[in-house]
Amino acid sequence: MKIRLKATILFQTLLLLIFAIPYLIKSGISRHILFPATLVTGIILASKSREAFKEYLHEQVRQERDTNFVAMYNVLILSLVILVLLSISLAWIVGKNGYSKNIVGFMVLLLLYVFLAFYSPISFSRIVTIAVSLYTPNVLALELAGFYEMPIILIVSAIFRVLLWVLGIKLALRIFKLKENGIDPVLSLFPLMYTGWIITIIRLVDYLYFPIYLRRGIEGFLIIGAWGLSFYLLGRKLRPYIGIIAYLASFSIGVVLFILLPPPISV
């Protein structure tokens, strides 16, 4: 299996850890042991994705149509397992609190995710990877505060937000008539994935050990920096087709999306 697919599958396993954390806390395991252990696991998994990111930076990532069937099948199965877990979690919330308009909306989103998982399993898997990684600090904050239902809602929402970013970029590429060139906007958003785990480290230290001065400012700087880097990378991909104006076009897309659908700056 290709390196980038291995990295994607490893990152998606982090979502399984997020599901387990509330139950482990209730079982009596100390937060001072559980969260650092989860973080270390995440860092190990994150290190496995460095080669995948390096491939992208060296213009060596191939198109989805070149991916072998077995690799795509494995990614599809794991994506469906995660969707089943999200469905079970939402059903548990319904059983505890009853139906609401928001819950029904999230269930509709899950149906959309199932369609995407079958239609383009690798792209969907990458979107889940970026969404879960970027929003892990927010999930951590909610779980430490004792809100064990909200992380599920947040994860469903986060996947949808990243999906909207990707659709927004693809729409802009259509406007520039670059759709046929096969530019994958999901890969450009990889810096946000790493930033999520850096911020997770910062929050663990701040929450569990000692306060970090200007933590929110640091987190905001990292998110904005990763956002800018993501659209710089997109501009690099566009430059062979539209020249130096590629960076202006890419950053314009980034500014519009930042205003309409901003990333999680701070909690």
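Carbon and sulfur together cover what percent of the accessible area of the stretch 113-230 at a 1.4 Å probe radius? Write down the numbers at each step before the final one.
On the way: 3480 of 4810 Å².
The value for the stretch 113-230 is 72 percent carbon and sulfur by accessible area.
Using θ = phi - 60° and the Karplus curve 6.51 cos²θ - 1.76 cosθ + 1.60, what whole-Hz ³J(HN,Hα) does each residue of the stretch 210-227 get, with Gly and Pro shown as x?
Coupling constants for the stretch 210-227: 8, x, 9, 5, 6, 4, 5, x, 5, 4, x, 4, 5, 5, 5, x, 5, 4 Hz.
Provide the per-residue ³J(HN,Hα) series for the stretch 124-136, in order, calculated from phi with Karplus coefficients 6.51, -1.76, 1.60 and θ = phi - 60°, each as a whole number of Hz, with x at glycine and proline positions.
Couplings: 5, 4, 5, 4, 4, 4, 5, 4, 5, 5, 5, 9, 4 Hz.
In whole Hz and in residue order, list the ³J(HN,Hα) couplings for the stretch 144-151 that follow from phi through the Karplus curve 6.51 cos²θ - 1.76 cosθ + 1.60, θ = phi - 60°; x for Gly and Pro.
My calculation for the stretch 144-151 gives 5, 7, x, 8, 8, 8, 4, x Hz in order.
Of 237, 170, 96, 101, which has the most accessible area and how do the rest follow, probe 1.4 Å?
Ranking 237, 170, 96, 101 by accessible area, largest first, yields 101, 96, 170, 237.
For the stretch 67-152, what's the relative contact order in percent, using C-alpha pairs closer than 8 Å and at least 6 residues apart? Please list the in-between numbers first.
Values: 38 pairs, mean separation 32.2, N = 86.
Here the relative contact order equals 37 percent.
With a 1.4 Å probe and every protein chain left in place, tell me how much accessible area residue 165 has, in Å² to the nearest 10.
Number for this one is 0 Å².
Got a number for the accessible area of residue 167? Probe 1.4 Å, square angstrom, nearest 10.
90
Obtain the nm distance between the two label points defined at residue 265 and residue 252 by a simple spin-label model: each point lies 7 Å from its Cα along the Cα-to-C-beta direction.
A separation of 2.4 nm, rounded to one decimal place.
Where does each of 150, 193 land when they are ordered by accessible area, with a 1.4 Å probe and the largest first?
The ranking, largest first, comes out as 150, 193.
The values are calculated or read from the model by the stated rules, or taken from the named source; none is laboratory data. Everything numeric here is computed off the predicted structure, so don't read it as measured data. Glycine also receives a Cβ, built like all others from the backbone with ideal geometry; neighbour counts cover every protein chain displayed. Only protein heavy atoms, including side chains, enter the accessible area calculation; ligands, DNA and RNA are left aside. Shrake-Rupley method; radii C 1.70, N 1.55, O 1.52, S 1.80 Å.
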